[in-house]
Amino acid sequence: MPRSWLDRLEQALFPPPAPEETPAAPPLARSEKMDTLLRRLDWTILRPLARYLGGEERSLVRGPGMELAEIREYQPGDDVRHIDWSVTARSDRPFVREAFVERALDAWLVLDLSGSVDWGTAQCLKRDRALEFASVAGQVLGRNGNRIAALLFADKPLGVVPPGVGRVHLLGLLSRIRETPRQAGRAPTDLAAALAQAYTILRRRSLVLVVSDFLVPTGWQRPLGQLAQRHEVVAVRLGDPREGDLPDVGWITLEDPETGAQLTVDTGDRKLRDRFREAAQAQTEAIHADLVRCGVEELVLSTDTELLPVMIRFLNARKFQRGARSGLGTTSISALSGES
């Protein structure tokens with residue numbers, strides 16, 4: 001059976017030790033193509049969030065940089081090295097060019113590890129897809145000094161992985177996710193409590209990735225909107241094809257993985273399957289509408305679709321969105337989808 005993309009990624013992140021009698025293979029040698037593609041991906045940040053020295057993201061700090069902030073008239077005390085000679089030559093007064101200084105930022109994964117995430121009927125469980133996303137996002141965002149952190153939750157907050165940099169920190173974060181046991185309790189997912197905790201502990205402007213299936217009780221919309229007012233938030237919604245379409249397999253018993261409630265239905269009833277499909281579509285549209293009202297961008301990951309092509313399309317769209325906001329052209333990376 002061919003290995004999944006997640007297996008290949010784990011093999012790249014956790015290479016097996018080489019036998020003593022044979023020379024060690026170069027790191028990531030068996031995943032060179034995949035590693036090259038990941039290095040070419042770039043997570044475009046739409047808002048100036050960065051604060052730490054040593055990065056390449058946009059910040060609100062002005063000084064020497066690549067992104068133009070403004071051109072203003074020279075004032076006594078300004079550094080003469082910042083004079084824009086092209087503008088000055090067309091005027092009778094000197095002008096100074098100011099730019100935004102590139103710095104590093106914090107990226108937080110608010111990760112759902114509830115019972116409904118430990119479920120899947122296609123290529124993998126939704127938890128596997130969440131771990132796969134955390135691996136890719138950690139590698140893409142963790143470059144250039146950016147710090148990666150995580151807040152894990154289920155029916156209650158489960159713990160926090162503080163911000164850190166480097167491959168060792170990312171491996172530790174992924175191990176923490178992998179080692180978190182399946183939730184044995186019978187309680188619904190409390191997304192609202194996790195978002196409220198994130199709002200409390202995130203003191204600096206950050207990129208927040210909320211990874212969940214959003215099959216949770218209502219009440220999360222208000223804390224998510226508050227979080228999005230200060231931070232750049234992306235909702236990564238996990239899904240499975242069977243959540244929107246029942247197969248015709250006769251009488252079956254369905255169980256809620258979080259509350260344990262059971263219901264026996266006849267899937268051979270076409271009208272029942274149609275009503276289920278309509279209800280699932282209405283729920284999906286309601287979640288999407290709530291995310292839009294909160295000012296949050298949505299990325300949908302399904303257990304029946306490979307992650308990397310979806311990520312490429314999403315990141316490519318953010319590049320064009322950034323370019324549209326700044327009035328600058330961008331380069332498409334959609335051609336990379338053929339390499340996945």
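The values are calculated or read from the model by the stated rules, or taken from the named source; none is laboratory data. Predicted model only: the values in this text are computed from it and were never measured. Backbone-built Cβ (ideal geometry, glycine too); neighbour counts: all protein chains shown.
Here are some notes:
- Of all residues in the range 168-193, those that are β-branched (Val, Ile, Thr) and not in a loop (DSSP other than H, G, I, E, B) total 2.
- Taken across the range 256-269, residues that are touching a residue at least 60 places away in the same chain (Cβ under 8 Å) and β-branched (Val, Ile, Thr) do occur, with at least one present.
- Extreme residue, nearest to LEU224 (Cα to Cα), among residues of the range 159-176 that are surrounded by fewer than 19 Cβ atoms within 10 Å (Cβ to Cβ) and among the hydrophobic types (A, V, I, L, M, F, W, C): VAL160
Listed here are the residues, each with its yes/no results for (1) out of contact with any Pro (no Cβ under 8 Å at 6 or more places or on another chain); (2) outside the structural domain of ASP118 (by TED's automatic domain parsing); (3) not aliphatic (A, V, I, L, M).
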position: ALA150; (1), (2), (3): yes, no, no
position: LEU158; (1), (2), (3): yes, no, no
position: GLY166; (1), (2), (3): yes, no, yes
position: ASP213; (1), (2), (3): yes, no, yes
position: PRO217; (1), (2), (3): no, no, yes
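- Evaluation of CYS124 against the conditions (1) closer than 26 Å to ASP304 by Cα; (2) assigned to a helix (DSSP H, G or I) shows that the sole unmet condition is (2).
- Qualifying residues in the range 138-167 (those that are part of a helix (DSSP H, G or I) and among the polar types (S, T, N, Q)) - the one nearest to ARG205 (Cα to Cα): ASN144
- Looking across ALA104, ALA89, one residue alone is modelled with pLDDT under 75 and either under 30 Å from LEU170 (Cβ atoms) or of a type in the set (Gly, Ala, Ser) (or both). It is ALA104.
- Leading residue by the ranking (surrounded by the fewest Cβ atoms within 10 Å (Cβ to Cβ)) among those in the range 107-158 that are modelled with pLDDT under 90 and basic (Lys, Arg): LYS156
- Residues of the range 201-255 that turn out to be free of Cβ contacts under 8 Å to residues at least 12 places away in the same chain and in a loop (DSSP other than H, G, I, E, B), as a count: 2
- ALA198 meets the stated requirement of being at pLDDT 90 or above, in a helix (DSSP H, G or I) and in the same structural domain as GLU255 (by TED's automatic domain parsing).
- Within the range 256-287, the set of residues being part of a loop (DSSP other than H, G, I, E, B) and either surrounded by 11 or more Cβ atoms within 10 Å (Cβ to Cβ) or out of contact with any strand residue (DSSP E or B) (no Cβ under 8 Å at 6 or more places or on another chain) (or both) comprises ASP256, PRO257, GLU258, THR259, GLY260, THR267, GLY268, ASP269.
- The single residue among VAL300, VAL292, VAL296 that is modelled with pLDDT of 90 or more and farther than 25 Å from ASP128 by Cα turns out to be VAL292.
- Lone unmet requirement of (1) exposed (fewer than 14 other Cβ atoms within 10 Å of the Cβ); (2) modelled with pLDDT of 90 or more; (3) among the hydrophobic types (A, V, I, L, M, F, W, C) for ALA324: (2)
- Checked against (1) among the small types (Gly, Ala, Ser); (2) modelled with pLDDT under 90; (3) closer than 22 Å to ASP304 by Cα, GLY239 passes all but a single condition, namely (2).
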